[in-house]
Amino acid sequence: MSHSAEPLPMTSRRSGPLKGEAKVPGDKSISHRALILGALSVGETHITGLLEGQDVLDTAKAMQAFGAQVERLGEGEWKVNGVGVGGFSEPEGVIDCGNSGTGVRLIMGAMATSPITATFTGDASLSRRPMGRVTDPLELFGCEVTAREGKRLPVTIKGAAESVPVRYKTPVASAQIKSAVLLAGLNAPGQTVVIESEPTRDHTERMLAGFGATITTEVTDEGRVITLTGRPELKPQPVAVPRDPSSAAFPVAAALIVPGSEIRVPGVSRNPTRDGLYVTLLEMGADITFENPREEGGEPVADLLVRHGPLKGVTVPPERAASMIDEFPILSVIACFATGTTVMQGVHELRVKESDRIEAMATGLRANGASVEETQDTMTVHGSGGLRGGANAVTHLDHRIAMSFLVAGLASEQPVSVDDGSPIATSFPDFLPLMKALGADIA
Ligand SMILES: O=C(O)C1=C[C@@H](OP(=O)(O)O)[C@@H](O)[C@H](O)C1
Ligand SMILES: C=C(OP(=O)(O)O)C(=O)O
């Protein structure tokens with residue numbers, strides 16, 4: 001669904017200690033993949049804990065358009081009756097992926113090796129984002145791609161009737177590129193190989209293995225070499241989606257910066273390919289305990305106990321960027337409340353997310369009194385142990401920018417407002433009630 005709602009201005013104010021339990025929603029990356037792999041399986045996939053954010057709902061709708069039966073059974077509980085690898089039918093209308101880079105890129109991969117044609121669109125934010133990074137490798141499988149100038153949406157893909165397998169080294173660290181190539185490789189004969197020099201989130205590999213595909217990962221001098229054998233019969237699996245560490249980052253950050261806070265965030269994924277923020281926070285001296293570590297639905301999870309306390313600035317090395325790529329906006333807020341300088345290195349990919357996140361954070365934080373420097377590939381925050389606040393931040397249709405500034409306002413001297421909080425519904429529809437229940441003053 002393209003973003004058409006009226007802008008929703010929101011303001012957050014200095015709050016008393018945050019207390020209680022924050023049950024954040026299901027992981028967005030895993031939710032997209034559960035629907036897509038369910039649609040490519042033969043039989044019924046049962047999903048619990050699915051994120052019911054707009055990004056994932058748009059993927060559910062897309063899977064229906066390609067012929068799968070997708071049904072909501074209850075809160076977070078869904079079933080998908082799939083059509084099998086190669087079984088997608090040609091959609092009647094345009095596939096509108098709304099605000100979701102993951103949705104559009106993975107679905108393009110999933111249909112590119114079927115003999116059908118589909119056109120993809122999205123909202124103003126998604127239409128600005130680069131699609132060539134995915135359509136270039138997909139063309140190697142034999143599909144035909146037409147796109148707007150700059151390889152942007154709308155994109156039309158005429159899927160390959162006779163696909164060939166592909167060996168592809170990803171030019172940037174991106175789980176979306178890796179996943180698009182692997183999903184296309186499902187309906188190519190022989191072995192499709194993706195090589196990534198920096199490890200990125202591995203949910204696609206884990207879930208493909210769980211659904212019965214033959215997939216291996218080898219760590220070599222070149223990086224991670226992932227090999228998928230094409231044309232498997234995917235077998236439906238129950239998927240229990242763990243809670244999203246990227247969403248958890250917002251209440252966690254709030255508890256770290258609001259004096260006297262102590263919150264618990266249960267059942268959060270601790271997949272090592274997603275854990276970079278938490279590694280960084282511990283280096284900053286954050287009081288976070290990981291309780292009851294366990295395995296749920298093939299992913300390591302733990303309950304987080306988070307307490308307010310002093311934080312110090314750190315340098316985040318470039319090799320950690322992929323494992324916390326969506327968490328830099330909120331880290332830049334936390335860094336303002338730390339003492340000393342925090343340097344975030346290797347973060348150029350932030351410039352092609354829902355917004356240019358380096359620019360959006362640097363501009364908004366400076367307006368609120370912070371000292372921030374940026375280069376193409378780094379962001380540096382000189383933390384002073386607090387933030388003045390008092391200014392409005394522009395969110396550019398970016399949920400993470402909106403939530404980051406609203407968290408900042410909870411510990412700033414003066415209120416912080418955002419021009420539009422409506423994109424929060426793409427990834428964290430219950431952000432407002434959840435934060436208010438902890439004691440946050442946001443409206
Ligand atoms: O594969 C995924 O589910 C995602 C991969 C990342 O994007 P890139 O692959 O562009 O780094 C991340 O930013 C996005 O929120 C989700
Ligand atoms: C970058 C993000 O998502 P996507 O690429 O799926 O739009 C995000 O959720 O921060």
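The values are calculated or read from the model by the stated rules, or taken from the named source; none is laboratory data. Note that the structure is predicted; figures quoted are calculated from it, not measured. Positions of Cβ are generated from backbone atoms using ideal geometry, with glycine treated the same way; all protein chains shown enter the neighbour counts. Protein only, heavy atoms only, side chains kept; ligands, DNA and RNA dropped before computing areas. Shrake-Rupley method; radii C 1.70, N 1.55, O 1.52, S 1.80 Å.
For this structure, a couple of remarks:
- Considered as an equivalent ellipsoid built on the Cα gyration tensor, the stretch 365-424 has semi-axes of 18, 16, 9 Å, the largest given first.
- Note on the stretch 28-237: Kirkwood hydrodynamic radius from all Cα pairs is 16.6 Å, rounded to one decimal.
- Seen from LYS312, the other residues with C-beta closer than 14 Å to its C-beta sum to a net charge of -2, counting Lys and Arg as +1 and Asp and Glu as -1.
- Charge dipole of the chain about the Cα centre (unit charges at C-beta), most positive-ward option of LEU73, ALA62, VAL333: VAL333
- In the stretch 28-237, the DSSP beta bridges split such that about 85 percent are antiparallel, to the nearest 5.
- All C-alpha pair distances within the stretch 321-443, sorted into 10 Å bins from zero, spread as 14, 49, 33, 4 percent across the bins.
- Projected over every direction and averaged, the convex hull enclosing the alpha-carbon atoms of the stretch 198-303 yields 8.2 nm².
- Reduced Cα scattering model of the stretch 94-202, Debye log10 I(q)/I(0), q = 0.20 Å⁻¹: -0.98
- Counting Lys and Arg as +1 and Asp and Glu as -1 over every other residue whose Cβ lies under 14 Å from the Cβ of THR363, the net charge comes to -3.
- Whole-number accessible area per residue in Å² for the chain, which is evaluated in the context of all protein chains at 1.4 Å: 35
- Translational diffusion coefficient (Stokes-Einstein; Kirkwood radius from C-alpha pairs) of the chain at 10 °C, 1.306 mPa s, in µm²/s: 73
- Charge dipole of the chain (Cα centre as origin; +1 on each Lys and Arg Cβ, -1 on each Asp and Glu Cβ, all else neutral): 240 debye, rounded to the nearest 20.
- Within-13-Å neighbourhood charge of GLY439 [Cβ basis; K, R +1; D, E -1]: +1
- J(HN,Hα) series, the stretch 299-307, from Karplus relation 6.51 cos²θ - 1.76 cosθ + 1.60, nearest Hz, glycine and proline x: 10, x, 9, 8, 9, 9, 10, 10, 10
- Selected from VAL83, HIS46, LEU126, residue furthest toward positive end of dipole (the stretch 13-153; charges at beta carbon): LEU126
- Among ALA367, PRO199, ALA443 the positive-end extreme of the charge dipole of the chain (Cβ point charges): ALA367
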